Amino acid sequence: MDFEPKIVAFVCNWCTYAGADLTGTSRIKYAPNVKMIRFPCTGRIDFMLLMKAFANGADGMIVSGCHPNDCHYTSGNFHARRRWTVFRSLLEFMGVDTERIAFTWVSAAEGAKWADVVNSTVEKVRALGPCEAYKNADYE
Amino acid sequence: MARIGVFVCHCGENISSTVDCERVAQQAGRLPGVAFSADYKYMCSDPGQSMIKEAIAEHRLTGVVVSACSPRMHEPTFRKACAEAGLNHYLCEMANIREQCSWVHPKDEATTQKAFDLVRTQVEKVRNDNPLEPIRVPVNKTAVVVGGGVAGIQVALDVAAGGHKVILVERDPSIGGHMSQLSETFPTLDCSQCILTPRMVEAAQHPNITLMTYSELESMDGFIGNFNLRIRRKARSVDEKLCTGCGLCTTKCPNKKIPSEFEQGLAFRTAIYTPFPQAVPNKPVIDRDNCTWFKTGKCGVCGKLCPTGAINYQQQDEIVEVKAGAIVLATGFEVKKTDFFPEYGYGRYRDVITGLQFERLASASGPTRGEIRRPSDGRVPEKVVFVACAGSRDPAKGIPYCSKICCMYTAKHAMLYKHKVHEGTPYVFYMDIRAAGKNYDEFTRRAIEEDGAKYIRGRVSNIYEKNGKLVVRGADTLLGGKPVEIEADMVVLATAAVSCDGSEELAQKLHVSYDSYKFFAEAHPKLKPVETNTAGIYLAGACQAPKDIPESVAAASGAAAKVIGLFANDTLTREPVVARVNRTAPPIFSTCMGCGLCISICPYQAIDTEEITDRSGKVVKTIARINPGLCQGCGTCVSFCRSKSIDLEGYSNKQVYQEVVAMLNSD
């Protein structure tokens, strides 16, 4: 059977979630491998959640919020970006290919961009194959 | 034990054409904790909503998942239905299987599976939802306006007209601000004082407005609807209640050679003075730094002469405590000091003046009674060079931004000069003419075409004196950068508009954010232009960015509308989606260690510290405290907290982790 990657998207309510709704209202198709979890802001996203997702069988992830200076809460997306740069080096240290995670900005007007982000991430992760290293890892 | 109801909507065929809704409902019914599941053609219709309400009653549901369109579309609808059935409406969540599933994927097994995964994820979320009640805070219906220029006056008048009390705080001895210094205003050339002073008087006499001039904001605490302010009323040395404003003291004061701030140093004032004749309140103050009595203990002429005995040399600064529900900042702007441009010779040559000084020269109440005369020798200048962008749009030496008002007032100055000195010639060096505004471009065209202002596109490199003339050297970029020299009698610099002295300290006192130029920052550049990031604090006028009078007044009325809107309620209802610091039994009290990281990253300054004391009052622990009145629920503190001591209602750690687990374990 062909490998179908499991992708979890962590998105903010104000920009990317609304942008993904626009993808729907515009009827732009994308791969069904992605499922979204809604947060008030990317600043709320605890990057340990990404580890939890890897441990539960995710093969790739998308973290997406408002463009810089567009944050509904002024600065949450900047905090997320900073934390992501730190977290990325931790991932590299742990041997997780950071290509598995797309950190991006999709505004409420960018329905087509959301479809592109999803499709390109799915393709990239499909090429990388399943992420086995941390499956069923126990972090407790 | 959770008893959750799952309701799967077909949305006509919008969902059911690609998702097998019946199967999703059946599978959902077998999930642990799900007590009821059903599918229906239109969940949002009346019968659909009734179905939810009846199921809540019949199956004693403790949570509801509506699997339909985006929560951005119908979450309020379904939450209202739940509330009507007696279920706390924060226990209702939506699985978005339309916009994010059926509309974007083909009719396929994978699409139905995804829809079911989304439902299961929301079931986990609801299982961990807490019932929440909206937060209610009382509103004190008094507004404090900081800054008594045209913007502050407008806010005060508008809020007062709405029937609310206003305290107008002004740092200087009189309200009026920069507008009271202007001669005429663009684009109509109507007299500035003629339109402003009636409003100043109206503000002073309005029963709802309390003026606090010669006063400054000392400190602030509290939050929207409930601010506590301490205002320092600086010692005026004159009893405002006794003083009648006769002005005898100011005419008899022997210390007459103090440069007048109002006249921009072009005239003198006395040590006891009112800044200008139309000052409101028309009560003098003693400038203690320059008064002989305060310097040597001798003189006291004003005290001896005052017919009402209003002079009080012993008066002290007084701190007044005020409670308010809203604060409006209208502290305005300042003209940038010109010493950063030594090549323009400001300060070295007396006939190189600023635009604001030119306003005083042109003003009928100014030092020359409205005649344009050189400050050095009083001669009428035959050639005047106006230099636009003196510091603006100059990242190297000045400020990078456009001061916005200078193009228009320079055109006005050129016109005023020509109207007063018919044989004179105004020259204007400019970079671009930015005249976007109602009747603005027509105005600058008039300056060029009817009043003969000679516009030269290029910058001035230096100004030097030769044979009693000021030689202005620049380039004409429309002639390929050809050097130009003009022998002028007077030069007027359109100096940049910058933020007010002390605005940074004020912003810090009020927890308002400000930009790199120390202008106050609005909450959103397009959609919240008069609000700040601190709820209940609003902006008006040029304290936010350079603004002309119409813009300042418009912003002021906008801010006033926000205040009146806030004051329309006795209590404020807020979404309870806020962060909380956990509390546990002694001796732990909370897992928070008081590191303070959350305090530094909160965009709303909603977090401070709280001391936990034992029975004897001894402080045993200091932890973070989140003010639910200020918290907007972004959750940044939650992800930053090193000890996981903060959680966000509606998006708790437990919830989001369970969502991840549920989403991925589909077998």
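Does B:MET51 satisfy being within 14 Å of chain A (Cβ to nearest Cβ) and among the hydrophobic types (A, V, I, L, M, F, W, C)? No, not satisfied.
Might you let me know whether the range B:425-445 holds any residue that is farther than 26 Å from B:GLU382 by Cα, surrounded by 14 or more Cβ atoms within 10 Å (Cβ to Cβ) and of a type in the set (Asp, Glu)? Looking for residues that are farther than 26 Å from B:GLU382 by Cα, surrounded by 14 or more Cβ atoms within 10 Å (Cβ to Cβ) and of a type in the set (Asp, Glu), one finds at least one in the range B:425-445, hence yes. Within this structure, B:GLU75 passes the test of being without any contact (Cβ under 8 Å) to a residue 40 or more places away in the chain and out of contact with any helix residue (DSSP H, G or I) (no Cβ under 8 Å at 6 or more places or on another chain).
If you go through the range A:18-46 and keep only what is facing chain B (nearest Cβ under 7 Å) and assigned to a helix (DSSP H, G or I), you end up with A:ALA18, A:ALA20, A:ASP21, A:THR23, A:GLY24, A:THR25, A:GLY43, A:ARG44.
Residue count for the range B:341-377 satisfying the condition of being small (Gly, Ala, Ser) and within 21 Å of B:LYS466 (Cβ to Cβ): 3. Candidates are the residues of the range B:512-541 that are assigned to a loop (DSSP other than H, G, I, E, B) and of a type in the set (Phe, Trp, Tyr); the one that is surrounded by the fewest Cβ atoms within 10 Å (Cβ to Cβ) is B:TYR517. For the range B:69-90, enumerate the residues that are surrounded by fewer than 22 Cβ atoms within 10 Å (Cβ to Cβ), aliphatic (A, V, I, L, M) and part of a helix (DSSP H, G or I). Hits for the range B:69-90 are B:MET73, B:ALA83.
Conditions (1) part of a helix (DSSP H, G or I); (2) surrounded by fewer than 18 Cβ atoms within 10 Å (Cβ to Cβ), marked per residue:
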{"site": "B:ASN228", "(1), (2)": "no, yes"}
{"site": "B:GLY245", "(1), (2)": "no, yes"}
{"site": "B:THR250", "(1), (2)": "yes, yes"}
{"site": "B:GLN264", "(1), (2)": "no, no"}
{"site": "B:PRO275", "(1), (2)": "no, no"}
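Is it true that B:ASP548 is under 30 Å from B:ARG350 (Cα atoms), modelled with pLDDT of 95 or more and not assigned by TED's automatic domain parsing to the domain that holds B:PRO381? Judged against the criteria, B:ASP548 is a match.
Conditions (1) at negative phi; (2) assigned to a helix (DSSP H, G or I); (3) under 40 Å from the mean Cα position of the chain (by Cα); (4) among the charged types (D, E, K, R), marked per residue:
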| position | (1), (2), (3), (4) |
| --- | --- |
| B:ASN290 | yes, no, yes, no |
| B:TRP293 | yes, yes, no, no |
| B:GLU321 | yes, no, yes, yes |
| B:ILE327 | yes, no, yes, no |
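Residue selection: B:ILE588 fails the criterion of being surrounded by fewer than 21 Cβ atoms within 10 Å (Cβ to Cβ) and at the interface with chain A (Cβ under 9 Å from one of its Cβ atoms). Residues that are closer than 21 Å to B:HIS164 by Cβ and touching a Phe, Trp or Tyr at 6+ places or on another chain (Cβ under 8 Å) were ranked within the range B:559-577; the one that is surrounded by the most Cβ atoms within 10 Å (Cβ to Cβ) is B:ALA559. Scanning the range B:434-476 for residues that are polar (S, T, N, Q) and closer than 30 Å to B:SER376 by Cβ yields B:THR444, B:SER461, B:ASN462, B:ASN467. Of the residues making up the range B:591-614, those that are away from chain A (no Cβ under 14 Å) and not β-branched (Val, Ile, Thr) are B:CYS592, B:MET593, B:GLY594, B:CYS595, B:GLY596, B:ASP608, B:GLU610, B:GLU611, B:ASP614. Evaluated against (1) at the interface with another protein chain (Cβ under 8 Å from one of its Cβ atoms); (2) at pLDDT 90 or above; (3) surrounded by fewer than 24 Cβ atoms within 10 Å (Cβ to Cβ), A:THR74 falls short on exactly one condition, (2). Scoring B:ALA204 on the criteria (1) part of a loop (DSSP other than H, G, I, E, B); (2) closer than 19 Å to B:VAL159 by Cα leaves a single failure, condition (1). Of all residues in the range B:79-107, which are away from every other protein chain (no Cβ under 14 Å) and without any contact (Cβ under 8 Å) to a residue 40 or more places away in the chain? Listed by number, the residues that qualify are B:ARG79, B:LYS80, B:ALA81, B:CYS82, B:ALA83, B:GLU84, B:ALA85, B:GLY86, B:LEU87, B:HIS89, B:CYS92.
The values are calculated or read from the model by the stated rules, or taken from the named source; none is laboratory data. Bear in mind the structure is a predicted one, so any value in this text is a computation, not a measurement. As a convention, Cβ positions derive from the backbone with ideal geometry for all residues, glycine included, and neighbour counts pool all protein chains shown.
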